[in-house]
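Student: Got a structure for you, written out below as structure tokens; questions coming shortly.
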Amino acid sequence: MSSLVVFNVYEPPVSAGDRLDRAERLAFVKDGFHWMAALFPVIWLPVKGLWLELFAFIVGVGVLAWALETLGVNNELVSMLLLIVQIVIGFEAPNIQGAAYERRGWRMAGSIAGRNREECEIRFLAGWLAEQPAGTQVPDTIPPPDGNEPMRPSPATLSWLGAAWADVKEAFARGRRLART
């Protein structure tokens, strides 16, 4: 049994340019528990560029520790409460990232589920690219001389996104051929 991962996709506020350029700027935020955020929030927050959230975390933990010490709470209980705060940060990490993107003017473009990040990106972009107005046209495939199967263009011709889109189309074409046999 394979597990699914869910990603929330955020689009930057400036959407000028070719649709492939816009697609490369999309941010995929994994939904679910983030171990690094829970174990090392003081490192994870700035690595993700969440400086305001880092400041709020440090101030919040400092105030909590000061208040509990002022009240004379046992050190073990203070440690336990701080551990609980870190676990909550681990669970809320995707929401913290999403809120930071939205505060910066990004909009949530959607959510997608798949077996891994790569599959989620391909599945999301397959639908998203079709909805976007085309700027500069990039060929998805090159028709072969014999007319059997389209050939994939060289990587120099397409960006990684175009190559991924070509792979998706190629996989669907193979699946249709296999289903017919």
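The values are calculated or read from the model by the stated rules, or taken from the named source; none is laboratory data. Nothing here was measured: the structure is a model prediction, and the numbers come from that model. Note: ideal-geometry Cβ built from the backbone for every residue, glycine included; neighbour counts use all protein chains shown.
Student: Scan region 1-44 residue by residue and report those that are under 15 Å from Gly98 (Cβ atoms) and assigned to a strand (DSSP E or B).
Tutor: Result: Val6, Phe7, Asn8, Val9, Tyr10, Glu11, Ala27, Phe28, Val29, Lys30.
Student: In this structure, does Ile58 turn out to be assigned by TED's automatic domain parsing to the domain that holds Trp128 and under 24 Å from the mean Cα position of the chain (by Cα)?
Tutor: no
Student: For region 59-85, which positions are under 18 Å from Ala38 (Cα atoms) and in a loop (DSSP other than H, G, I, E, B)?
Tutor: none
Student: Moving on. Can we say Leu71 is without any contact (Cβ under 8 Å) to a residue 60 or more places away in the chain, farther than 30 Å from Phe124 by Cα and in contact with a helix residue (DSSP H, G or I) (Cβ under 7 Å, 6 or more places away or on another chain)?
Tutor: Against the criterion (without any contact (Cβ under 8 Å) to a residue 60 or more places away in the chain, farther than 30 Å from Phe124 by Cα and in contact with a helix residue (DSSP H, G or I) (Cβ under 7 Å, 6 or more places away or on another chain)), Leu71 does not qualify.
Table: residues versus (1) among the aromatic types (Phe, Trp, Tyr); (2) under 30 Å from Leu129 (Cα atoms).
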{"site": "Arg19", "(1), (2)": "no, yes"}
{"site": "Leu26", "(1), (2)": "no, yes"}
{"site": "Ala67", "(1), (2)": "no, no"}
{"site": "Ser79", "(1), (2)": "no, no"}
{"site": "Phe91", "(1), (2)": "yes, no"}
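Student: Just for region 86-109: of the residues that are under 21 Å from Phe33 (Cβ atoms) and small (Gly, Ala, Ser), which one is surrounded by the most Cβ atoms within 10 Å (Cβ to Cβ)?
Tutor: Ala93
Student: Also, I was wondering about something else. Can you tell me which condition Ile112 does not meet? The list is (1) surrounded by 14 or more Cβ atoms within 10 Å (Cβ to Cβ); (2) part of a helix (DSSP H, G or I), and all the others hold.
Tutor: Result: Ile112 fails condition (2) only.
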